[in-house]
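Notes follow the structure.
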Amino acid sequence: MKKIPAILLAAALLLLSACGAQSAPETTRGTDAQTEVQTARQTGNFSFTTDNYPRMGGSLANLPLGEAVTATVLGITRDEADELITFAGSTTDNYKAIVDGGFDILLAYEPSEEAKQYIADSGVELEMTPIGTDALVFICSKENKVDSLTLDQIKQIYSGKITNWSEVGGADAAIKPYQRNKDSGSQTLFDKLVNLGDDLMEPPVDMTVGSMIGLLEAIADYEGSENALGYTVYYYLTNMEDDKLATSKILALDGVDPTNETIGSGEYSLTNDFYVVIRKDAAEDSPERILYNWICSAQGKELVEKENYVAK
Amino acid sequence: MKRIAAFFLAGILLCLCACSAPGTPQQTTESSTQPEAVTSAAAADADAEPLVFRLESLPDIGTRKQGAVKGRFFPEYRDTFEPRDDYGSIVPYIGSVFYYTSNPYPGEDEEDSYNAYTQPQYRYGLMTGDGRIVVDDVYAEVYFEEDAGPAGAYCMTLFADRGVKSLHPEDADTEEEYEWLWEHTPDEADTLLVSADGTWSIRVPYDKWYIFGETLFAVYPSGMYENKPEDNKIMVYDYHGRLQYELSGDPGNMGKPADSINVRWLTGDVLMAEYWWSAEEGRGTGKCFFRDKSGKPVLETLEEAGNCTAFGAYVIVEHAEDRYSLVDLNGRERFTSTYMHTQYLNGEDILVMEQNGEYRILDTDLRQMCEPKSFKPYLKALNGELVYGDVQYYGEGSNWYLETDKPADMTTDSEDYIDGRYVGCRSGEDDIILRDKKTGRDLVTVPYADIPKLFANGELAFFYGLYGKKTHQDYVYSIKEEKMLLEADTIACYEAGGSTYMVFCDGGNSAVLNYTTGEKIYQKVVE
């Protein structure tokens, strides 16, 4: 039962950052290029303030979008926006939290089976609109000779049938296939798209990584990681942690490199949508419903694209 | 765990209701750009148009800083610390957490079952004060010695394995996990000391260190169970990491390794090094060596039957049962006694000794702190003052006196000095009350914790949670704002480079917050 505190820890961080250091000098403004915050003229009949702004959470890979949405509608810096939102805990935890009333709105990847069951059991209905597409990508060390795998090879590796890189055109070395914790968004994506079911091998105890950054470090940073194989979501790696690509590389799938274009066109096959989510019973004039509608609007789509996501 | 959740929820509610700190973002759209806009849905007229948020165009909000981690000082993975002059300051962070079951094979009886609980073990790295990783998470433990030079120094145990491992708590309590942990248990005799300004570091094959005066410190092994006599080293360094001298080999010419080594220092920067050799039968042999800053002997080697105790500029030597002497640095025996006992109370050492049938309480200048007593006094601190008790029997009938012989009101079990203004009072079995001595107010009661330590110029009180129950929690209380700021599985506070840092981890999620600037310099979330 550490999941709820995982989210609450982030809230505590928010608290500490915002309230704890009252003696601190101005912190976020003036520290970078965000000093000058442009505010756009509003043409609607509703205005968001920090008081009425919905409690927003979601998947880690959607954090930049959450920041951008918040900064845009409130006319504040990204750093300030970051303090108002909580993109922590697993995707499953986030869905549970919106059901339980901990969040008003989510920007999140698809719910896991566990989350779906939790939602069903709760009797709470959620309203979800896909706003963008991301992809599951496979990564290995830059030193690895292999540049591409087929989906079938990936299935065989993660079911334990292919165990050596030489079987897929690489060096004679055992493959170290990392996995993510089962309630992570990345694992949900893997389970759905690779679809190994019961054939998915049990990972060795030291090859289950509890965080997205942890997996990247496993592949990119550690001595002996040249034989590792892992997976993450494309946006997170290429937009949030692209320094890891200095020592790791994204493998092509069936000869197709994942890019915004190939993901958008579906040419890269392992794609999945991410969503804006509210409770279905949110009132028409509730701030979360108004924000939901805006994110689903053409202007919301423009912002999704501006943040370098593949918009729906 | 519900308690934690409740605490954080309460914190969030507090934040939402009451927090309007200077750093809180203010909406910048309250200008003439949208004078007609409704900001409260409830205020909208039911017959009016549906409420819509829309902007004329998207504003330029800039690009996002890369990474959940702010970046790295070096682009590549690092498992060794490289001293440099340009780090600014160095702060630990928690990079990963292992969970293991303390007793994976519990028996059926209640006590065994109680002891079988899941414990976290943290793995630490080092980063600059602005959040750039300098060393990856390869350390098993971190202690901060604030007196180690002008900047202080971190003393860390190296983790035996550098591979990646980060498990979710729920997956932890397995036999496999337990076995893994044992295989990777850190080698206790491998210690790294790193200056908090990052300008020097020392890696030594010993697990003990001791701050030795204002300019030197000593590192040494704690036990000699399998060592050779020549391994009996005490190495003395300055605060630039330079070896000054060492006591090495077999200084007592005993021909066998000491069973224990203990290092203390005496006023005047004199190192007192005590070696102890056990005997198979009867008494063992203790030898005590004294060295000045340059390593020169300042006092003849003392041989003792019990042990040597540092007391200010003096040494208390236990020669045999019921025979003690207090020796100065000229080797002169100042007192002999059948009873000598030192205590650290209210920030100073105090000696209780027997002389001519009376018991005297002395400070480190050997001044009597009150009139001699006809009974063996038991010392405590009350509200920042020293009290002594005639405690033949604990409980009713005990008489307590201030050092002025005025009766003292011991209404609590004990009170511990924190600084000039605050005291920590034990309440019940293990609760601690933080009391403002100036106003007499109890600021906060923290369950199952140790006496707090103050940080950030007295704005924060850090409570280290006590072990001995199934969950361990640390706490940070804001004295300034009179509210609990943080409760987590583990918290450490450090003062480095003029800032106070809070390093904490809860539920596998970790963060580093610069309290002074309010900036979160590191956050790692278990997704």
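The values are calculated or read from the model by the stated rules, or taken from the named source; none is laboratory data. It should be emphasised that the depicted structure is a prediction, and the values quoted were computed from it without experimental measurement. Note: ideal-geometry Cβ built from the backbone for every residue, glycine included; neighbour counts use all protein chains shown.
Take residue A:298 and tell me if it is surrounded by fewer than 20 Cβ atoms within 10 Å (Cβ to Cβ) and either facing another protein chain (nearest Cβ under 8 Å) or within 21 Å of the chain's Cα centre (by Cα) (or both).
Values: surrounded by fewer than 20 Cβ atoms within 10 Å (Cβ to Cβ): yes; either facing another protein chain (nearest Cβ under 8 Å) or within 21 Å of the chain's Cα centre (by Cα) (or both): no.
Taking the combined requirement at face value, the residue does not satisfy it.
Here's the yes/no breakdown for (1) surrounded by fewer than 20 Cβ atoms within 10 Å (Cβ to Cβ); (2) modelled with pLDDT of 75 or more:
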site	(1), (2)
B:213	yes, no
B:228	yes, no
B:248	yes, no
B:268	yes, yes
B:273	no, yes
B:286	no, yes
B:289	no, yes
B:296	yes, yes
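For segment A:146-169, indicate whether the set of residues that are hydrophobic (A, V, I, L, M, F, W, C), under 29 Å from residue A:111 (Cα atoms), in a strand (DSSP E or B) and touching a residue at least 40 places away in the same chain (Cβ under 8 Å) is non-empty. Steps first, please.
The initial filter retains those residues of segment A:146-169 that are hydrophobic (A, V, I, L, M, F, W, C), namely A:146, A:149, A:151, A:154, A:157, A:162, A:165, A:168.
Next cut, under 29 Å from residue A:111 (Cα atoms) only: A:149, A:151, A:154, A:157.
Still in the running and in a strand (DSSP E or B): A:149.
Then drop every residue that is not touching a residue at least 40 places away in the same chain (Cβ under 8 Å), which leaves A:149.
The answer is yes; a qualifying residue exists.
Quick check on segment A:112-126: of everything there that is modelled with pLDDT of 90 or more and not hydrophobic (A, V, I, L, M, F, W, C), which residue is surrounded by the fewest Cβ atoms within 10 Å (Cβ to Cβ)?
The extreme case among them is A:123.
Which ones in segment A:177-226 are on the phi < 0 side of the Ramachandran plot, more than 8 Å from every other protein chain (Cβ to nearest Cβ), in a helix (DSSP H, G or I) and modelled with pLDDT of 75 or more?
Once the filter is applied, which keeps residues that are on the phi < 0 side of the Ramachandran plot, more than 8 Å from every other protein chain (Cβ to nearest Cβ), in a helix (DSSP H, G or I) and modelled with pLDDT of 75 or more, segment A:177-226 yields A:187, A:188, A:189, A:190, A:191, A:192, A:193, A:194, A:198, A:199, A:226.
Looking at segment B:479-519 only, could you name the residues that are out of contact with any Phe, Trp or Tyr (no Cβ under 9 Å at 6 or more places or on another chain), outside any loop (DSSP other than H, G, I, E, B) and surrounded by fewer than 21 Cβ atoms within 10 Å (Cβ to Cβ)?
Of everything in segment B:479-519, nothing turns out to be out of contact with any Phe, Trp or Tyr (no Cβ under 9 Å at 6 or more places or on another chain), outside any loop (DSSP other than H, G, I, E, B) and surrounded by fewer than 21 Cβ atoms within 10 Å (Cβ to Cβ).
What number of residues within segment A:57-82 satisfy the criterion of being surrounded by fewer than 24 Cβ atoms within 10 Å (Cβ to Cβ) and over 15 Å from residue B:63 (Cβ atoms)?
Selection size over segment A:57-82: 1.
Among the numbered conditions (1) over 15 Å from the mean Cα position of the chain (by Cα); (2) farther than 20 Å from residue A:307 by Cα; (3) surrounded by 23 or more Cβ atoms within 10 Å (Cβ to Cβ), tell me where residue A:102 comes up short.
Single failed check for residue A:102: (3).
Go through segment A:51-90 and give me each residue that's closer than 27 Å to residue B:507 by Cβ and of a type in the set (Ser, Thr, Tyr).
Residues satisfying the conditions are A:53, A:59, A:70, A:86, A:90.
Of the numbered conditions (1) under 23 Å from residue B:51 (Cβ atoms); (2) in a helix (DSSP H, G or I); (3) not aliphatic (A, V, I, L, M), residue A:51 fails exactly one; give the number of that condition.
Here residue A:51 meets the rest and fails (2).
Condition test on residue A:70, is it more than 18 Å from residue A:273 (Cβ to Cβ) and either part of a helix (DSSP H, G or I) or touching a strand residue (DSSP E or B) at 6+ places or on another chain (Cβ under 7 Å) (or both)?
Taking the combined requirement at face value, the residue satisfies it.
So, of the residues in segment B:318-356 that are among the aromatic types (Phe, Trp, Tyr) and under 35 Å from the mean Cα position of the chain (by Cα), which turns out to be surrounded by the most Cβ atoms within 10 Å (Cβ to Cβ)?
B:324
Just one of B:413, B:419 is assigned to a loop (DSSP other than H, G, I, E, B) and modelled with pLDDT of 70 or more; which is it?
B:419
I'd like the full set of residues that are on the phi < 0 side of the Ramachandran plot and out of contact with any Gly (no Cβ under 9 Å at 6 or more places or on another chain), limited to segment B:284-303. Even if it seems obvious, please write down each step before you answer.
Let us first name the residues in segment B:284-303 that are on the phi < 0 side of the Ramachandran plot, namely B:284-294, B:296-303.
Scanning segment B:284-303 gives B:284, B:288, B:290, B:291, B:294, B:296, B:297.
Being in contact with a Pro (Cβ under 7 Å, 6 or more places away or on another chain) and within 7 Å of another protein chain (Cβ to nearest Cβ) is the filter here; which residues of segment B:498-516 pass it?
B:506, B:507, B:508 - these are the residues of segment B:498-516 that are in contact with a Pro (Cβ under 7 Å, 6 or more places away or on another chain) and within 7 Å of another protein chain (Cβ to nearest Cβ).
Just the residues that are surrounded by 20 or more Cβ atoms within 10 Å (Cβ to Cβ), in a loop (DSSP other than H, G, I, E, B) and either free of Cβ contacts under 8 Å to residues at least 24 places away in the same chain or facing chain B (nearest Cβ under 10 Å) (or both), please, taken from segment A:259-295.
A:286, the sole residue that qualifies.
Check B:466, B:460 and return the single one that is without any contact (Cβ under 8 Å) to a residue 60 or more places away in the chain, within 12 Å of another protein chain (Cβ to nearest Cβ) and aliphatic (A, V, I, L, M).
B:460
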